[in-house]
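The structure appears right after this line, and notes come after that.
The values are calculated or read from the model by the stated rules, or taken from the named source; none is laboratory data. Every value quoted in this text rests on a predicted model; they were computed, and no experiment measured them. Neighbour counts are summed over all protein chains in view; Cβ atoms, including those assigned to glycine, are modelled from backbone coordinates with ideal geometry. Protein only, heavy atoms only, side chains kept; ligands, DNA and RNA dropped before computing areas. Shrake-Rupley method; radii C 1.70, N 1.55, O 1.52, S 1.80 Å.
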Amino acid sequence: MNQQRVRRIQKGETGPGPVVYWMSRDQRAEENWALLHAQQQALARQAPLTVVFTLAPEFLSAQPRHYRFLLAGLQETARQLAAKNIPLVVLSGDPPTTLAEYLGRLPCSLLVTDFDPLKPKQAWKRALLSAVTVPVDEVDAHNVVPCWVASTKQEFGAYTLRPKLRRLLADFTESYPELLRHPFGDTAGADGTAGIIAEATPEVPDYPGMNPGSTAAQRQLRCFLDEKLAAYDDSRNDPAQNGQSDLSPYLHFGQLSAQRVFLEIVQAGPLRQSQEAFLEELIVRRELADNFCHYNPDYDNSKGFPAWAQETLKKHRDDRRPLLYDAVELAEARTHDPAWNAAQWQMVETGKMHGYMRMYWAKKILEWTSDPDTALTVAIALNNRYSLDGRDPNGYAGVAWSIGGVHDRPWSERAIFGKIRYMNAAGLRRKFKNLDAYINRFNGNVNAASAPPS
Ligand code: FAD
Ligand code: FO1
């Protein structure tokens, strides 16, 4: 494994005990560089290897349906690890607290964590490091090119990050070694894990057609590569077609490796337009989002917008707003705009709004709320509460792009938006022949009587 993928974030005294992998963002047994690094270190020490997942009671407004997806995937990961004599221990409660207590009860020779730029995760990590004295390695198992290697600063946009990624990709796309059956220790410590996960799994319906776990993720990948990738460039932006991969929930919960997706595509032969377009999203756009959240502490507020955007939005902050909706009216899709309402219902009912509609959806929130800060807060809150792939750097970057011009440039100035790129329903209709098919499909009939399901 390319050692640039690992950062020692805390020196410390090595104990005689097991190597512990604190699994969080990358919740898969196979093709997980953080786990492979932990196993390599355990073998070198002839020590047992234990995986720990700290189950937080609350995470960025995650709902029971999101926890169900996560836990069903974790159940499968626990089985796959047990088959390799690697116990998965699940600790419920405040992550740094429960993990510090756990580590305090055993001598641990090394703690390995996976990389996540989001502030709550960084706070967990800081709190844990101040509570333990073991050496700690952080591994970027999520990005193909590790975030801190791709760039040492916030990038202006895809156009500045793309050449850096292009140059580095070959150094970070070696094939994954197999996770070995671990020769030291046993899985006795994880005997209760299946029961703990089952107990913690909410009794709520899964999202339609979105089966959790790494096996389902591989199936979804195969189906996309065989049936949809060739037409991706044409169909991906039409909400009435289902031309996207639907891989984002699996990538978000780390049930699928983005590098696996990349390897499958480049190994299938010369890249054509659709493959290039897809890899632009999967590699450049996704790593740009991690770059934004990693290097910009204000990724979730308007101080994180570029100066030109802050200035233009401030200038138009008091423009008359003919239409105003509050967060509840928006959550319940009660606006005058059937296309916007359909997008909101799609997110509530399926957990995943079409990619093109996400831009339109967020930009209308800027137009229909009292000011840009309120717009950003409402858009992030709705996205985190209803999207299965929400609570993710892609979401923060997507909302900041739509409302605050992050990774975008100034456009012709107009009311409310200033120079932020504008989108409107007429533009949607020009672009999509049968937008009505989309609108008729997602009209809230299913849940008209009840409030949006949590
Ligand atoms: P595909 O088109 O099949 O793309 C494949 C993968 O490429 C995606 O899974 C994703 O990892 C990556 N990707 C595609 N488009 C983008 C993008 N614009 N930025 C970053 N990565 C991208 N994505 C999320 O994962 N979670 C979110 O909460 C989220 N919220 C968004 C909010 C707004 C306002 C906007 C404009 C975009 C948001 N995105 C979010 C980015 C993008 O819309 C989704 O990643 C994509 O629609 C996921 O569906 P898919 O996997 O079928 O996409
Ligand atoms: N990560 C954890 O380590 N523990 C959790 O209990 C946890 C819950 C959770 C719920 C919904 C969700 O979307 C993500 C959640 N995550 C949790 C974080 C996740 O694994 C990702 O690391 C981030 O969301 C993406 O950066």
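For segment 368-384, the condition holds for at least one residue, the condition being that it is of a type in the set (D, E, K, R) and over 26 Å from residue 70 (Cβ atoms). Here residue 351 meets each of (1) within 16 Å of ligand 2 (Cβ to nearest atom); (2) open to solvent by 20 Å² or more (accessible area, probe 1.4 Å); (3) not β-branched (Val, Ile, Thr) with one exception, condition (2). The set of residues in segment 216-251 that are open to solvent by 20 Å² or more (accessible area, probe 1.4 Å) and either over 23 Å from residue 266 (Cβ atoms) or in the same structural domain as residue 398 (by TED's automatic domain parsing) (or both) comprises 237, 238, 240, 241, 242. Within segment 302-325, the set of residues being part of a loop (DSSP other than H, G, I, E, B), surrounded by 13 or more Cβ atoms within 10 Å (Cβ to Cβ) and of a type in the set (A, V, I, L, M, F, W, C) comprises 305 only.
Given the criteria more than 10 Å from ligand 1 (Cβ to nearest atom), open to solvent by 30 Å² or more (accessible area, probe 1.4 Å) and of a type in the set (Ser, Thr, Tyr), does residue 369 qualify? No.
Residues in segment 68-85 that are open to solvent by 10 Å² or more (accessible area, probe 1.4 Å) and more than 16 Å from ligand 1 (Cβ to nearest atom): 68, 72, 75, 76, 78, 79, 80, 82, 83, 84, 85. Identify all residues within segment 379-423 that are more than 16 Å from ligand 2 (Cβ to nearest atom), open to solvent by less than 20 Å² (accessible area, probe 1.4 Å) and among the aliphatic types (A, V, I, L, M); write none if there are none. Result: 379, 403, 406, 416, 420. It is to be established whether one or more residues within segment 109-119 are touching a residue at least 40 places away in the same chain (Cβ under 8 Å), more than 16 Å from ligand 1 (Cβ to nearest atom) and assigned to a loop (DSSP other than H, G, I, E, B). For segment 109-119, residues touching a residue at least 40 places away in the same chain (Cβ under 8 Å), more than 16 Å from ligand 1 (Cβ to nearest atom) and assigned to a loop (DSSP other than H, G, I, E, B): present.
Being in contact with a Leu (Cβ under 9 Å, 6 or more places away or on another chain) and not basic (Lys, Arg): is that true of residue 130 here?
On the way: in contact with a Leu (Cβ under 9 Å, 6 or more places away or on another chain): no; not basic (Lys, Arg): yes.
Considered against the rule, which asks whether it is in contact with a Leu (Cβ under 9 Å, 6 or more places away or on another chain) and not basic (Lys, Arg), residue 130 comes out as no.
When residues in segment 372-430 are screened for being of a type in the set (D, E, K, R) and under 22 Å from residue 333 (Cβ atoms), 4 of them pass. With respect to the conditions (1) away from ligand 2 (no atom under 16 Å from the Cβ); (2) not in a helix (DSSP H, G or I), residue 37 falls short on a single one, namely (2).
Within segment 244-261, residues that are farther than 14 Å from residue 287 by Cα and modelled with pLDDT of 95 or more sit with their Cβ atoms under 6 Å from residues that are aromatic (Phe, Trp, Tyr) and surrounded by fewer than 23 Cβ atoms within 10 Å (Cβ to Cβ), at 6+ positions apart or across chains, in these pairs: 245/224.
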